Protein chains: 2
Amino acid sequence: MSGVSLIPLRPGARPGTGPGARPGTGPDARPGAVPLGESERSDAARNRELLLRAAREFIEECGVDGLTMGTLAQRAGVGKGTVFRRFGSRAGLMMTLLSDAEAGFQGRFMFGPPPLGPGAPPLERLVAFGVERIAWVLEFGELARAADVSAYNRFDVPAAVLWHRHLEMLLREAGVTADPWLMATSLSATLEPERLLHAVRVHGIAPERLAESWRELVSRVVGKA
Amino acid sequence: MSGVSLIPLRPGARPGTGPGARPGTGPDARPGAVPLGESERSDAARNRELLLRAAREFIEECGVDGLTMGTLAQRAGVGKGTVFRRFGSRAGLMMTLLSDAEAGFQGRFMFGPPPLGPGAPPLERLVAFGVERIAWVLEFGELARAADVSAYNRFDVPAAVLWHRHLEMLLREAGVTADPWLMATSLSATLEPERLLHAVRVHGIAPERLAESWRELVSRVVGKA
DNA sequence: ATGCTAAACGGACTGCGGTCCGGTTAATAT
DNA sequence: ATATTAACCGGACCGCAGTCCGTTTAGCAT
């Protein structure tokens, strides 16, 4: 429970107010991006912590799918409106819950030691990225699935954009000249939580096999098969 | 409005009764797979046609997202329960609406003329499959998106299993020995309606560019770059 | 025609995500 | 201490997907 995302998962800058908050209605109105540095009222901060703690407890007991916004509000002893003001939506809540894990992953592939971080050859970094991501999804995928907002803009969440750019950059460095943007899109698709979880849970695919297939795929894509 | 799926989109054999119908409760109970050949009561058939017609009209006017089950029932002049008994769920309704287009696509890649159908070299068939699929998604993707049931088993819908097997077979024929099953999974992921639609609608990617990238991808995967 | 029964019908009902708005309170200025 | 006010609070409310169950009816046997 510490650290803030290097790149936030959600567009809104503040950890509390999500994009779901109504724009421009009533005194609560606040533009999506706050100038940063604005502080939170003490009761708001207290309730946020209360809610996050309650949410984690509840998920521990009943699983991600068992958590409803109403129950959470009740359990935390606050009104339902408060939950939605803080997190914008159920997906927003899940993103907040994920933000530490996400920040850790981002930190490792951007600044960490090779081969995941900078310093290794691009192909090795690509392989490491996928392998690490697969492990990450196996650990946090349930939450990640619940954090997927249903609209298209699921791919425009800052974290997703960051992974995509990272993949695209590595592809370019590896010498892929044929539409690296779309190639990165295809690679991202391969690493989607829903599919990965399905392969493991329903078809009993071993994680190592996923990793090996990823290695094969990226090797062929960069032409070093 | 003719023709029935070669491989149904939904597990239930009958065009009406979906998997969502409660199993074993009350007189309506009917096992998922009916022995086939069982006939439909005339009022049921009439209402099904009524509902499908109304649904198509409504979608024409208000778009897929504008269609709610309650409104549809009202518009067709039947009860809400009837809509759900017929189609099981909103996703089931959408699948039914898609079934003609889906059957057409299936027929073309399984029995149609090369290069999509049998007769062409596997790589060419792979390329054709993706290109055709991209065009299909651009036409029916909105409906396909709404037909995606939210659970994992979205990938276990018969039609999805069929595409997957088709891709896997072509990969094997093309000489891919490294885990064709997972490779087919990655390729399927690339062709998902949600991502394709996002690329086109949000990022303004031209369909030809999608097709070209697909060609590049499969070429590299089969090692004929 | 009449009676029987399984299937179909329909609308009230539940639970959930998400919104609204009148009342409350923390922070600041005086 | 007191006044001011912007932010926050809470729970009633809405629309929608999906379920339940008492009622009706098509199809068939007599």
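The values are calculated or read from the model by the stated rules, or taken from the named source; none is laboratory data. Keep in mind that what you see is a predicted model, and the values were worked out from it rather than measured. Ideal geometry is used to build each Cβ from the backbone, glycine not excepted, and the neighbour counts take in all protein chains shown.
Has the range A:99-112 got at least one residue that is touching a Ser or Thr at 6+ places or on another chain (Cβ under 8 Å), surrounded by fewer than 18 Cβ atoms within 10 Å (Cβ to Cβ) and more than 22 Å from A:S186 (Cβ to Cβ)? Yes, the range A:99-112 has at least one match. For the residues A:R90, A:R30, the requirement of being within 26 Å of A:A151 (Cβ to Cβ), within 14 Å of another protein chain (Cβ to nearest Cβ) and either within 16 Å of DNA strand D (Cβ to nearest atom) or modelled with pLDDT under 85 (or both) singles out A:R90. Would the range B:58-78 turn up any residue that is near DNA strand D (Cβ under 8 Å from one of its atoms) and within 14 Å of another protein chain (Cβ to nearest Cβ)? No, the range B:58-78 contains no residue that is near DNA strand D (Cβ under 8 Å from one of its atoms) and within 14 Å of another protein chain (Cβ to nearest Cβ). Residues that are charged (D, E, K, R) and at pLDDT 95 or above do not occur anywhere in the range B:142-163. For the condition in contact with a Lys or Arg (Cβ under 7 Å, 6 or more places away or on another chain), closer than 28 Å to B:G175 by Cα and not small (G, A, S), B:P122 does not qualify. For A:P158, the stated conditions do not hold, so it cannot be described as more than 10 Å from chain B (Cβ to nearest Cβ), touching a residue at least 24 places away in the same chain (Cβ under 8 Å) and closer than 15 Å to A:I134 by Cα. Could you check how many residues of the range B:59-78 are touching a helix residue (DSSP H, G or I) at 6+ places or on another chain (Cβ under 6 Å) and either more than 16 Å from DNA strand C (Cβ to nearest atom) or not in a helix (DSSP H, G or I) (or both)? Summing the residues that are touching a helix residue (DSSP H, G or I) at 6+ places or on another chain (Cβ under 6 Å) and either more than 16 Å from DNA strand C (Cβ to nearest atom) or not in a helix (DSSP H, G or I) (or both) in the range B:59-78 gives 3. Can you find a residue that is within 16 Å of DNA strand C (Cβ to nearest atom) and either surrounded by fewer than 18 Cβ atoms within 10 Å (Cβ to Cβ) or touching a residue at least 24 places away in the same chain (Cβ under 8 Å) (or both) anywhere in the range B:128-143? No - not one qualifying residue is present in the range B:128-143. When we screen A:V221, A:V176, A:V200 for residues that are of a type in the set (V, I, T) and facing another protein chain (nearest Cβ under 8 Å), the only hit is A:V221.
Filtering A:A147, A:A151, A:A159 for residues that are within 16 Å of DNA strand D (Cβ to nearest atom) and either surrounded by fewer than 20 Cβ atoms within 10 Å (Cβ to Cβ) or under 10 Å from the mean Cα position of the chain (by Cα) (or both) leaves a single hit, A:A151.
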